[in-house]
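Participant: Below you'll find the structure I mean.
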Amino acid sequence: MSGLKGKDVIRITDLQAEEARAIFDTAKQMEPFAFRQKVTRVLEGAVLANLFFEPSTRTRVSFGTAFNRLGGSVRDTSGTQTTSLSKGESLADTARVIGGYADVITIRHAQTGAAQEVANAVDIPVVNGGDGVGEHPTQALLDVYTIEAKLGQPNGKTIAIAGDLKFARVIHSFARLLAKMYQGINFKFIASTELQMPENVRESILGAERQHQISTYDSISAISDADIIYITRMQEERFAAPEDFQKHRGKLRIDRELLDRICKPNVMLLHPMPRDSREEDFNELSHDLDGDPRLAMFDQTDNGIPIRMAIFALILDVADQVEKTVRPVNWHAPRGKPVR
Ligand code: NCD
């Protein structure tokens with residue numbers, strides 16, 4: 001089948017373009033279940049250990065919800081203080097223990113490489129929900145799935161990526177996945193010199209040998225010819241000193257006036273969330289764009305469910321059994337997002 005059976009999903013670097021395509025095809029099949037139009041129990045009896053050692057809202061809840069929507073059960077941890085890591089236990093010991101309780105592990109951790117460390121300690125599949133400044137592969141998959149749903153395959157498009165390119169793991173995975181799946185992308189990296197894209201990500205893009213181009217800028221005005229814009233918050237928790245974060249905060253900002261004035265009329269604007277909403281003058285993405293059809297941010301969050309369902313269904317090898325256990329939705333539910 002897709003070749004994902006029993007596999008870990010830790011880095012985009014390790015994922016084949018065909019495997020990403022299989023995830024997208026399966027996600028499409030999952031949409032009626034994800035958006036409350038049908039019920040499946042295909043993972044009845046299976047257990048997900050959803051281990052989140054760093055703050056999270058969407059990724060933790062959507063991993064859990066995706067597993068539940070396939071009929072499986074979820075055990076969550078949140079933070080480090082309530083786990084035995086705070087008693088000095090090693091991550092490998094924790095992983096080995098959980099590997100005896102669950103069928104899949106999802107993990108978020110502040111240390112780059114943590115998901116791989118867990119995978120090395122267990123014989124069940126591990127899915128990376130973000131490891132330090134490393135990668136966040138499932139976010140990239142839902143980001144690119146959202147692009148394809150709206151615009152089709154972005155071959156030859158100009159894609160501007162702005163914000164904290166150094167520390168934002170979502171960006172590292174996003175750029176790598178685009179480079180792997182498509183041809184001739186014109187990447188524009190917009191950040192201050194200190195926060196520019198790490199060399200290893202640039203190497204992955206050019207190393208794909210798919211006629212991609214890269215150019216770098218420090219002013220947000222470089223979004224003017226983009227077909228797609230992706231902006232992130234400054235990753236406050238990764239800066240060595242609070243002054244360093246304050247120096248960069250609010251330097252790259254997008255609001256409705258800027259989009260109207262300099263961008264293509266149908267530009268697509270993505271943001272992985274959370275956005276920094278604390279003080280208007282420092283918001284990288286203004287609330288005045290809420291509800292604007294150019295902003296796809298909540299399509300991204302909605303698509304987290306079918307994408308994560310697809311990943312679980314493929315690695316647990318049940319994707320072709322989903323239809324066997326279909327039931328109607330018995331509870332009062334809004335019709336949910338229209339299925340494409
Ligand atoms: C991201 C993360 O944790 O890397 N959040 C998410 O999963 N959508 C992005 C961020 O925190 O800025």
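Participant: Which whole-number value in Å³ per residue fits the convex hull of the alpha carbons of the stretch 64-136? Present the calculation step by step, with values, prior to reporting the outcome.
Facilitator: On the way: hull volume 6.6 nm³, N = 73.
In the stretch 64-136, the Cα hull volume divided by residue count equals 90 Å³.
Participant: Stokes-Einstein D for the stretch 227-340 at 10 °C, 1.306 mPa s, Kirkwood Rh over Cα pairs, in µm²/s? Display every interim value, and only then the final one.
Facilitator: Details: Rh = 17.4 Å.
For these conditions, the coefficient is 91 µm²/s.
Participant: Would you work out which of Asn155, Gln116, Thr216 lies farthest towards the positive end of the dipole of the chain, given +1 charges on the beta-carbon of Lys and Arg and -1 on that of Asp and Glu, about the Cα centre?
Facilitator: Asn155
Participant: What does the stretch 1-120 give for Rg and for Dmax, in Å, if only its C-alpha atoms count?
Facilitator: 15.3, 45
Participant: Quote the convex hull volume per residue of the chain, based on C-alpha atoms, as a whole number of Å³.
Facilitator: Working: hull volume 47.0 nm³, N = 340.
Given the Cα convex hull of the chain, per-residue volume reads 138 Å³.
Participant: I need the helices of the chain that pass two filters: whole DSSP H segments spanning 15 Å or more by Cα along the axis, and mean Kyte-Doolittle score no lower than -0.5.
Facilitator: Working: long enough: 17-34 (25 Å, -0.40); 58-69 (16 Å, -0.67); 137-151 (21 Å, 0.33); 169-181 (18 Å, 0.59); 297-315 (27 Å, 0.72).
Passing helices, by number: 17-34, 137-151, 169-181, 297-315.
Participant: Rank-order 262-272, 141-151 by packing density, defined as the average count of other C-beta atoms within 10 Å over each peptide's residues, highest first.
Facilitator: Details: 262-272: 18.6, 141-151: 21.7.
Most protected by this proxy first, the peptides run 141-151, 262-272.
Participant: In addition: Using the Cα atoms of the stretch 171-219 to build a convex hull, what is its mean projected area in square nanometres?
Facilitator: Numbers: hull surface 12.1 nm².
Result: 3.0 nm².
Participant: What dipole magnitude, in Debye to the nearest 20, does the stretch 1-140 give about its Cα centre under +1 on Lys/Arg Cβ and -1 on Asp/Glu Cβ?
Facilitator: 540
Participant: Pull up the DSSP beta bridges for the chain and report the antiparallel fraction as a percent, rounded to 5.
Facilitator: Working: 1 of 36 bridges.
The answer is about 5 percent antiparallel.
Participant: How would you order 16-28, 84-96, 284-296 from highest to lowest mean count of nearby Cβ atoms within 10 Å? Numbers along the way, then the final one.
Facilitator: Values: 16-28: 17.9, 84-96: 13.9, 284-296: 16.3.
The densest-packed peptide leads the list: 16-28, 284-296, 84-96.
Participant: While we're on this one: Can you work out D for the stretch 266-311 in µm² s⁻¹ from Stokes-Einstein, where Rh is the Kirkwood radius over C-alpha pairs, the temperature is 25 °C and the viscosity is 0.890 mPa s? Please report the intermediate quantities before stating the final value.
Facilitator: On the way: Rh = 11.9 Å.
Taking Rh from Cα pairs, D becomes 207 µm²/s.
Participant: Right, something else. If the only charges are +1 at each Lys and Arg Cβ and -1 at each Asp and Glu Cβ, what is the size of the charge dipole of the stretch 215-259 around the Cα centre, to the nearest 20 debye? It would help to have the intermediate numbers written out before the result.
Facilitator: Details: 7 positive and 9 negative charges, 26 e Å.
Charge dipole, the stretch 215-259, about its Cα centre: 120 debye, nearest 20.
Participant: Put +1 on the Cβ of each Lys and Arg and -1 on the Cβ of each Asp and Glu in the stretch 97-198; which of Tyr101, Asn128, Ser192 then has its Cα farthest toward the positive end of the dipole?
Facilitator: The residue sitting farthest along the positive end of the dipole is Ser192.
Participant: Would you please give the residues with an amide H less than 5 Å from that of Val104, counting only those at least 5 places away or on a separate chain, with H modeled from the backbone geometry?
Facilitator: Val47, Ala49
Participant: Run lengths n ≥ 4 of DSSP H only: what is the helix-derived mean residue ellipticity at 222 nm for the chain, with -39500 (n - 2.57) per run over all residues, to the nearest 500?
Facilitator: -10500 deg cm²/dmol
Participant: So, with +1 on the Cβ of K and R and -1 on the Cβ of D and E, and no other charges, what is the size of the charge dipole of the chain about its Cα centre, to the nearest 20 debye?
Facilitator: Details: 42 positive and 46 negative charges, 189 e Å.
That gives a dipole near 900 debye.
Participant: Relative to 2.2 N^0.38 Å, what does the C-alpha radius of gyration of the stretch 1-65 come to as a ratio? Two decimals please.
Facilitator: On the way: Rg = 13.8 Å, N = 65, 2.2 N^0.38 = 10.7 Å.
Ratio of Cα Rg to 2.2 N^0.38 Å: 1.29.
Participant: For the stretch 168-287, what is the largest minus smallest coordinate of the Cα atoms on each principal axis, given in angstrom and ordered from greatest to least?
Facilitator: 42, 37, 22
Computed from the coordinates by the stated procedures, all read-outs in this text should not be read as laboratory data. This structure is a prediction, so every number in the text was calculated from the model and none was measured. Using ideal geometry, Cβ is built from the backbone for each residue, glycine included, and neighbour counts are taken over all protein chains shown.
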